[in-house]
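Following: one structure in structure tokens, then a few remarks.
What follows is calculated from the coordinates using simple rules that are stated; it is not laboratory data. Keep in mind the model is a prediction, meaning the values are calculated, not measured. As a convention, Cβ positions derive from the backbone with ideal geometry for all residues, glycine included, and neighbour counts pool all protein chains shown.
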Amino acid sequence: MKGYIYTMFEGADPGIGWEMTDPIYGKPPTMGACMPQIRRNVVVNDYIFSISGRAKGVSQYLVGGFQVKDKINALLAREKFPQYRQVQNDDGSLSGNIIVDENGNQNPYDYHNGDFEKRIENYIIGKNPIYFDNEADIEKARGNATIEILQDIFNKEGNKPHDIIGRWRRLDEKQIQKLINWMEHIKQS
């Protein structure tokens with residue numbers, strides 16, 4: 001078993017109201033268009049963790065993670081999970097992480113440039129999600145707490161997640177368990 005941890009794009013911080021579009025920590029958790037290199041490399045029972053993107057006035061935090069249950073293509077995902085089809089909401093925001101239309105073409109709302117063919121492969125269906133979904137836990141996980149667990153896991157100093165993991169980094173089984181234990185501790189405290 002292995003895993004990956006990555007930082008979401010700038011402004012992608014659910015703790016300040018940004019709606020999680022990819023990954024989605026729903027029932028089931030899924031990952032559809034972002035980070036095709038991670039989605040390609042994971043296999044069943046691996047883990048994927050995400051860290052919030054940089055946002056003005058707040059520190060980044062480990063948002064959550066889940067275990068891989070299955071990998072399918074986006075057209076099949078569109079059939080299986082209509083609730084995750086990418087749509088534009090009345091306020092202009094986007095919801096959903098399935099970026100294909102009914103004909104298998106890129107939908108008009110998808111903001112990813114290039115690599116469309118790579119992005120529609122390896123749609124991840126997850127299991128065993130763990131994530132911070134309330135303000136108290138998010139605040140406990142923000143800033144130094146996330147930095148300290150990343151420093152401990154990777155034995156590397158840094159002032160922000162990017163200093164420690166870059167855009168993304170591979171995890172071994174021991175590191176995965178340490179992250180899960182840390183998250184469970186925050187959720188129980």
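Quick one: Lys127, Lys174, fewest Cβ neighbours within 10 Å first, how do they rank?
Lys174, Lys127
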query = What's the tally of Lys pairs in the chain whose alpha-carbon atoms lie under 14 angstrom apart, where the two lysines are 8 or more places apart or on different chains?
reply = 12
key: Cβ-placed point charges (K, R +1; D, E -1), dipole of the chain about Cα centre in debye, nearest 20   = 580
inquiry  = With a 10 Å cut-off between alpha carbons and a GNM built on the chain, which of Ala141, Ala12, Ala55 moves the most?
reply    = Ala55
remark   = Per residue convex hull volume, Cα only, the stretch 3-188, in Å³ is 115
key: Nearest 10 degrees, 0 to 90: helix 173-188 Cα axis against the chain principal axis   = 80
note = Note to self: C-alpha centroids of the stretch 125-189 and the stretch 9-70 sit apart, in Å, by 12
request  = Calculate one ³J(HN,Hα) per residue across the stretch 119-133 by plugging θ = phi - 60° into the Karplus curve 6.51 cos²θ - 1.76 cosθ + 1.60, and present them in order as whole Hz with x for glycine and proline.
outcome  = 6, 8, 8, 6, 5, 9, 9, x, 8, 6, x, 9, 7, 8, 10
task = Kindly provide the helix-only [θ] at 222 nm of the chain, computed as the sum of -39,500 (n - 2.57) over DSSP H runs of four or more divided by all residues, to the nearest 500 deg cm²/dmol?
result = -8000 deg cm²/dmol
task = Please turn the phi angles of the stretch 148-161 into ³J(HN,Hα) values with the Karplus equation 6.51 cos²θ - 1.76 cosθ + 1.60 (θ = phi - 60°), one per residue in order, whole Hz, x for glycine and proline.
result = 5, 5, 5, 4, 5, 5, 9, 6, 9, 7, x, 9, 8, x
ask   = How far apart, in nm, are the 7 Å Cα→Cβ label points at Glu10 and Arg167?
value = 1.5
note = GNM on the chain, Cα springs under 10 Å; top mean-square fluctuation among Gly158, Gly96, Gly57 goes to Gly57
request  = Quote to one decimal, in nm, the extra length available between Gln188 and Leu94 on full extension: 0.36 nm per residue of separation minus the C-alpha distance between them.
outcome  = 30.6 nm
Cβ-based exposure ranking for Arg78, Arg40, in which fewest neighbours within 10 Å come first = Arg40, Arg78
message = Positive end of the dipole of the stretch 3-188, charges at C-beta (+1 Lys, Arg; -1 Asp, Glu), about the Cα centre: which of Ser52, Asn155, Ala33 has its Cα farthest in that direction?
response = Asn155
